[in-house]
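Notes follow the structure.
The values are calculated or read from the model by the stated rules, or taken from the named source; none is laboratory data. In this text the structure is predicted, and so the values were computed from the model without any measurement. For neighbour counting, all protein chains shown are included, and Cβ atoms are generated from backbone atoms with ideal geometry for every residue, glycine included.
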Amino acid sequence: MRAGQIYLIVALGLMAISYIKEKQRTRDALKATFKILYTIMPVLIFVFVLMGLIQAYVSRETIAAILGKQTGVMGILYAELVGSIALFLPPAVFPFGGYLHDNGAAYGPIAGFVFTAILIGVTTLPLEFKLLGKRFTIARNIFTFIIAFFLALFMGVVLG
Amino acid sequence: MKKLFKNDAFQFLSLSVGIALLIYAVEAAKGMIVVRTVYLTFFDVLDIIVAVSIFIGLFQVWVKPQTIVKLLGKGSGIKGFILVCTFPMLMGGSLFTLFPLLKTLREKGARVGALASFITAWGGKVPLLPLETKFLGWPFALLRLSLVVLFAFIMGVLMDRVGEKPDAANVNKP
């Protein structure tokens, strides 16, 4: 059986338990689930199109030259920059990262991409400024970028 | 009509279709590669995406934001710090939904370090583990998750040193 099917069965099982315990709450959960699907599906499809574009126009060699193992530190920095700028919802980060890996990117740059794509968002900066303050926002994003770099470097070394 | 064009889902979908059509018009073979990639990947992840969305939906109704604020709000001791470096990993959502919750936490008196740890730990994204392991494998996912805890810890310590001086006017100081 595919892993996805197992997750789906577990999810439906939990849904059933939730329904037995509290019907109204489970209805709300179902609503939330559809809302999440509605939000992420279009973004995912867009990211899949991007993957298709890369598949059609960018060769494995090019990806390896930018994000491959021998690019070392620079590969991680490039990947972090892309991750910081890209407007990726978290669920789209992993398929894209996996796709890059299958096409010649090393684990280090991918880790850098994953960290920054989730934690740093140029698009969310205005909101963070507004809600958490300038000082906090600037410091947090800079620290995140730097620490993500070292952790990605470490992951690249460990995972090979 | 105006509303439709402002709709995110509509924008992403029309952009996707537009790009695919454009490529197909320029070079049909390349267009087919794009369509094929979208099709294969889509059905490859569909069941995982649905399962993950159910997990997050259930988490949202069973663990209310107020509960989280209560759980972490007063946590300034070592126990609170450990909690703030681990618990947010279980949450779904995007930065857009996270920041308002953090503002509440801050108003309740949480330290800047705790907020930074919270955001970082939230980046652990445990609900997305099915996706991560499928595309990047268990070693990558488990290593990343354990490093996220360390990451959250370091961020907390660093950000506490930065403190919150000038622009903390909107925060109730003790």
Item to check | Scan of segment B:23-51 for residues that are more than 19 Å from residue A:100 (Cα to Cα), in a helix (DSSP H, G or I) and more than 24 Å from the chain's Cα centre (by Cα), ordered by number | outcome: B:23, B:24, B:25, B:26, B:28, B:29, B:31, B:32
Checklist entry - Can you tell me which residues in segment B:1-22 are over 23 Å from residue A:32 (Cα atoms), assigned to a helix (DSSP H, G or I) and more than 7 Å from chain A (Cβ to nearest Cβ)? => result B:2, B:5, B:14, B:17, B:18, B:21, B:22
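Look through A:65, A:16, A:3, A:29 and report the one residue that is under 30 Å from residue B:24 (Cα atoms) and either surrounded by 22 or more Cβ atoms within 10 Å (Cβ to Cβ) or small (Gly, Ala, Ser) (or both). If you could, list the steps in order and put the result at the bottom.
On the way: A:16 fails: under 30 Å from residue B:24 (Cα atoms); A:3 fails: under 30 Å from residue B:24 (Cα atoms); A:29 fails: under 30 Å from residue B:24 (Cα atoms).
After ruling out the rest, the residue left standing is A:65.
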Checklist entry - What are the residue pairs meeting all of these: first residue in segment B:134-159, first residue touching a residue at least 24 places away in the same chain (Cβ under 8 Å) and more than 10 Å from every other protein chain (Cβ to nearest Cβ), second residue in a helix (DSSP H, G or I) and surrounded by fewer than 19 Cβ atoms within 10 Å (Cβ to Cβ), Cβ atoms under 7 Å, and 6 or more apart or on different chains? => result B:149/B:86
Next on the checklist: What pairs come out if I take residues in segment A:4-31 that are at the interface with chain B (Cβ under 9 Å from one of its Cβ atoms) and pair them with residues that are aliphatic (A, V, I, L, M) and surrounded by fewer than 17 Cβ atoms within 10 Å (Cβ to Cβ) whose C-beta lies under 8 Å away, six or more apart or interchain?
Outcome noted: A:4/B:46
Next on the checklist: Just the residues that are more than 7 Å from every other protein chain (Cβ to nearest Cβ), within 16 Å of residue B:140 (Cα to Cα), in a helix (DSSP H, G or I) and not hydroxyl-bearing (Ser, Thr, Tyr), please, taken from segment A:88-107.
Outcome noted: A:93, A:96, A:100, A:102
Next on the checklist: If I filter segment B:52-61 for residues that are closer than 19 Å to residue A:96 by Cβ and either surrounded by 18 or more Cβ atoms within 10 Å (Cβ to Cβ) or modelled with pLDDT of 90 or more (or both), do I get at least one hit?
Outcome noted: yes
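With A:81, A:100, A:89, A:50 as the choices, which residue is outside the structural domain of residue A:138 (by TED's automatic domain parsing) and closer than 25 Å to residue B:12 by Cα?
Values: A:81 fails: outside the structural domain of residue A:138 (by TED's automatic domain parsing); A:100 fails: outside the structural domain of residue A:138 (by TED's automatic domain parsing); A:89 fails: outside the structural domain of residue A:138 (by TED's automatic domain parsing).
The conditions single out A:50.
Could you say whether any residue in segment B:40-55 is in contact with a Gly (Cβ under 6 Å, 6 or more places away or on another chain) and not assigned by TED's automatic domain parsing to the domain that holds residue B:125? Even if it seems obvious, please write down each step before you answer.
Going residue by residue through segment B:40-55, those that are in contact with a Gly (Cβ under 6 Å, 6 or more places away or on another chain) are B:47-48.
If we keep only those that are not assigned by TED's automatic domain parsing to the domain that holds residue B:125 too, we end up with B:47-48.
Checked segment B:40-55: at least one residue is in contact with a Gly (Cβ under 6 Å, 6 or more places away or on another chain) and not assigned by TED's automatic domain parsing to the domain that holds residue B:125.
In this structure, does residue A:77 turn out to be surrounded by fewer than 24 Cβ atoms within 10 Å (Cβ to Cβ), modelled with pLDDT of 95 or more and over 15 Å from the mean Cα position of the chain (by Cα)? Step through it out loud before you land on a result.
Numbers: surrounded by fewer than 24 Cβ atoms within 10 Å (Cβ to Cβ): yes; modelled with pLDDT of 95 or more: yes; over 15 Å from the mean Cα position of the chain (by Cα): yes.
Yes, satisfied.
Go through A:118, A:147, A:85, A:110 for me and flag whichever is more than 9 Å from every other protein chain (Cβ to nearest Cβ) and either buried (at least 24 other Cβ atoms within 10 Å of the Cβ) or among the aliphatic types (A, V, I, L, M) (or both).
Working: A:118 fails: more than 9 Å from every other protein chain (Cβ to nearest Cβ); A:147 fails: more than 9 Å from every other protein chain (Cβ to nearest Cβ); A:110 fails: more than 9 Å from every other protein chain (Cβ to nearest Cβ).
Step by step, each of A:118, A:147, A:85, A:110 is checked, and only A:85 is more than 9 Å from every other protein chain (Cβ to nearest Cβ) and either buried (at least 24 other Cβ atoms within 10 Å of the Cβ) or among the aliphatic types (A, V, I, L, M) (or both).
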Item to check | Qualifying residue in segment A:124-138 (condition: under 15 Å from the mean Cα position of the chain (by Cα) and among the acidic types (Asp, Glu)) | outcome: no
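Quick one: would you say residue A:50 is within 30 Å of residue A:152 (Cβ to Cβ) and either buried (at least 21 other Cβ atoms within 10 Å of the Cβ) or modelled with pLDDT of 95 or more (or both)?
Numbers: within 30 Å of residue A:152 (Cβ to Cβ): yes; either buried (at least 21 other Cβ atoms within 10 Å of the Cβ) or modelled with pLDDT of 95 or more (or both): no.
In short, no.
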Checklist outcome for this item: Filtering segment B:102-130 down to residues that are assigned to a helix (DSSP H, G or I), out of contact with any Lys or Arg (no Cβ under 9 Å at 6 or more places or on another chain) and closer than 26 Å to residue A:7 by Cβ yields B:121, B:122, B:126, B:127, B:128, B:129, B:130
Checklist entry - in a helix (DSSP H, G or I), more than 9 Å from every other protein chain (Cβ to nearest Cβ) and either among the hydrophobic types (A, V, I, L, M, F, W, C) or in contact with a Phe, Trp or Tyr (Cβ under 8 Å, 6 or more places away or on another chain) (or both), is that true of residue A:80? => result yes
